[in-house]
Amino acid sequence: MGMTTGGVPFSLTRLLIVAGNTFTEAVRQKLFNFLLLLAVALVASAQFFREFNFGSSELKFISDFGLGAMVFFGSTLTIAATAQLFFSEIENRTALTILAKPIWRTEFIFGKFLGVFAVLGVFCALTTLLLAGLLCSRENSLMALHPDAFPGGRIIHYGDLMAMGMLQWLKFGVLAAITLLIASFSNTNLYTVVMSFFMLVICHLQYLAHDTYAQVASLPLRLLVRLLGYVFPNFQVFNLADQVATGVGLDAGVVLRVAGYALAYIAVIGGLAVYSFRNREI
Amino acid sequence: MTPSASPVAIEIRGLTKDFPLNLRGIKLRAVENLTLSVPEGRVFGLLGPNGSGKSTTIKIILGLLEPTVGECRVFGVPSGRVDSRLNVGYLPEAPYFYRYLSGTELVRFYARICGVPRKRLDDRVKEVIDWVGLSGAAQRRVGTYSKGMLQRIGLAQALVHDPRLIILDEPTAGVDPVGSAEISELILKLKAQGKTVLITSHLLAQIEDVCDRVAILDRGKLILEGDVNELVGQRDRQALIVDPLSPEHLDELRGWLASRGHALNAVEQPRARLDQLFISRVSRSEKGGQK
Ligand SMILES: Nc1ncnc2c1ncn2[C@@H]1O[C@H](COP(=O)(O)OP(=O)(O)OP(=O)(O)O)[C@@H](O)[C@H]1O
Ligand SMILES: [Mg+2]
């Protein structure tokens, strides 16, 4: 079942065919309806904040809320989509037919990942554009109303907003890889989804343990927390929202380091998923 | 022809498969010490009651399951290696396919996975869909297909890359009698092209019609294997079918036979078989695949 040398070389074409089919499924199963929900939430919230008349800090509210909604809906979409697009292949036994073809399991699983990742890319791109559009139109009208509140011109760094969108995309990629790994050995869809949400919470909150135990605890405990910090990716590092809407701006070096962090985790977790799936009996 | 004299498509040696049932290490033995070889160019029937290990054996041949003990080779290549599946087409039992694709898209997807060259792709997809009689429904979503139509589209995807070995796990389950007869015809056509076919089915009449050789499994063990003609043929008997005879003529015939040392063992009224009646009455153009 594994990588034993055979006459069939690894094929990027087959991987892309699987990815394309996965994307088609997402479109036809209407997974993008999530976007609609999110768009409604965003536009409604922007309208809502306007009532309070915060002036220029209203923009920060919109931006924070928008990125928050993107993280919430995006995480849900990531787990739901990965479970639907990968695990249901095993559950519905469609994996039986495809894995009986001359295809490497590695091609299959990375094809699935790439398909899911493309879905998440479309989601993040559209959400970021929508958010940028909302912010821009509101910023224009605020600038016209209170020119004195914008002494240095625009407050929002739109380039940074795009960078944030991309970082969220990479973070969802890490989450998709985690879900894929869980699905590769799990027996039910519910287990896959619940475990993945559990992992999501751990990855978001592990910095708390880090911060608390780093000072107080004894050495072995401190080492354990350190170790866990390496095993579970820290999703807090992707949260650079504060810099976007306060005019501080993102440091390109930081963005690149965070992107590298995500890609490293995707590679390692994806590799583990391949290893675990290779020996799975279908 | 003994299997060792002719080339072998599938070679199974000492195969045992256990499934762990629970954490206390209790196991279920689905296949036990099975040794079997399927000669190339023949139609081979794998028979046995429910749960006797037919599908498990097939999944091991395809590398979907790992044998607990023993080995299995397809055209000399150990199962489990990707290249052992290069020349194999497989129809799973009770198949289920991507609901969101149309019949054509589905077959096209599998054809591309199997590396059918782009310029022959569309023709080939159309051709196999025609063969299985689904042209009329090819543009519909697979999710709307009936059970028999799913079997047919499954057959199309198994054949699309023109494999040398075709493995069909209960291809006629849920297919109407006309469709079953067509699948039998298709199998014989494949055999005429020199393909090897491994088929499981509970329709023994059909197996008898298409298979050269059969093996019977019972609770995971091989209990009988042999050529169909040797197993069920009655060489010392013949049947004549004639127009109705009057009693006098029958007596005359009996006397004529007796004078030559033969006995008339039975006089029966042959009945048309129900499936033949069905096939002759139901028009072929109205079967499940058409609009
Ligand atoms: N994944 C599995 N886990 C546990 N037991 C299994 C598994 N797959 C099959 N079995 C058991 O192995 C035995 C053989 O099953 P198999 O599907 O090979 O039977 P079969 O001959 O194909 O039967 P049928 O005619 O009903 O299709 C059965 O007792 C079945 O319960
Ligand atoms: Mg079976």
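When exposed loop sites are taken as GluC sites (Glu not before Pro) in a DSSP loop with at most 14 other Cβ atoms within 10 Å, the longest stretch of chain A clear of them is A:52-280.
Heavy-atom accessible surface of chain B, averaged per residue, reaches 53 Å², computed with a 1.4 Å probe. A straight Cα-to-Cα reach below 22 Å connects A:LYS30 with the lysines A:LYS112, residues fewer than 8 places away in its own chain not being considered. Relative to the longest principal axis of the Cα atoms of chain A, the long axis of helix A:33-50 lies at roughly 20 degrees. For region B:94-125, a reduction of at least 10 Å² in accessible area between the chain on its own and the assembled protein chains (probe 1.4 Å) is found at B:ALA94, B:TYR96, B:PHE97, B:TYR98, B:TYR100, B:LEU101, B:GLU105, B:PHE109, B:TYR110, B:ARG112, B:ILE113, B:CYS114.
For region A:4-278, the per residue solvent-accessible surface stands at 44 Å², with DNA, RNA and ligands left out and a 1.4 Å probe.
At a probe of 1.4 Å, how much accessible area disappears from chains B and A on forming the pair, both sides counted, to the nearest 100 Å²?
Buried area (both sides, nearest 100 Å²): 3100 Å².
Between the helical axis of A:57-82 and the longest alpha-carbon principal axis of chain A there is an angle of about 10 degrees.
Note on chain A: Kirkwood radius taken over Cα pairs, Stokes-Einstein applied at 25 °C and 0.890 mPa s, translational D equal to 119 µm² s⁻¹. For B:LYS27, the aspartates and glutamates whose Cα comes closer than 16 Å to its Cα, not counting residues fewer than 8 places off in the same chain, are A:GLU281, B:ASP18, B:GLU66.
One Cα centroid belongs to region B:75-97, the other to region A:127-145; the line between them spans 56 Å.
So, with a 1.4 angstrom probe, what is the percent of accessible area on region A:4-278 that is carbon and sulfur?
Details: 8620 of 12220 Å².
Summing carbon and sulfur atoms, their accessible area is 71 percent of the total for region A:4-278.
Placing B:LYS59, B:LYS119, B:LYS189, A:LYS112 in order of accessible area, with the largest value first and a 1.4 Å probe, yields B:LYS119, B:LYS189, B:LYS59, A:LYS112.
Counting protein heavy atoms only, region B:174-234 has 50 percent of its accessible area on carbon and sulfur, 1.4 angstrom probe.
Rounded to the nearest 500, what is chain A's calculated 222 nm mean residue ellipticity when only DSSP H runs of at least 4 contribute -39500 (n - 2.57) each, over all residues? Working shown, then result.
Values: 11 runs with 213 residues, N = 282.
About -26000 deg cm²/dmol.
For chain B, the longest principal axis of the alpha carbon atoms and the long axis of helix B:118-131 meet at an angle near 30°. Helical runs (DSSP H, four residues minimum) scored at -39500 (n - 2.57) apiece and divided by the length of chain B put the mean residue ellipticity at 222 nm at -10000 deg cm²/dmol. Remark: mean inter-chain Cβ contacts per residue of B:77-85 equal 6, using a 10 Å Cβ-Cβ cutoff to other protein chain atoms. Here's the list of lysines a cross-link from B:LYS147 could span, going by alpha-carbon distance under 17 Å and ignoring same-chain residues fewer than 8 apart: B:LYS287, B:LYS291. Remark: for residue pairs B:LYS126/B:LYS191; B:LYS54/B:LYS189; B:LYS126/B:LYS195; B:LYS17/B:LYS54; B:LYS54/B:LYS221; A:LYS101/B:LYS126, the C-alpha separation exceeds 18 Å in B:LYS126/B:LYS191; B:LYS54/B:LYS189; B:LYS126/B:LYS195; A:LYS101/B:LYS126. In the frame of its principal axes, region B:157-291 has Cα extents of 61, 43, 31 Å, reported largest first.
Summary value for chain B: 22 percent relative contact order, contacts being C-alpha pairs under 8 angstrom separated by 6+ residues. In region A:257-282, burial by the other protein chains removes 40 Å² or more of 1.4 Å probe accessible surface, compared with the chain on its own, from A:GLU281, A:ILE282. Ranking of A:THR212, A:THR106 by solvent-accessible surface, largest first: A:THR212, A:THR106 (1.4 Å probe, protein heavy atoms only, all chains present).
Take every Cα pair under 8 Å whose residues are at least 6 apart in sequence, average their separation, divide by the length of region A:4-278, and the relative contact order is 26 percent. Structure remark: mean-square fluctuation, Gaussian network model of chain B, C-alpha springs under 10 Å; the largest value among B:THR196, B:THR56, B:THR172 belongs to B:THR56.
The values are calculated or read from the model by the stated rules, or taken from the named source; none is laboratory data. Keep in mind it's a predicted model, so treat the numbers as computed, not measured. FYI the Cβ positions are ideal-geometry reconstructions off the backbone, even for glycines, and counts take in every protein chain you see. Note: accessible area is taken over every heavy atom of the protein model, side chains too, but ligands, DNA and RNA are not part of it. Shrake-Rupley method; radii C 1.70, N 1.55, O 1.52, S 1.80 Å.
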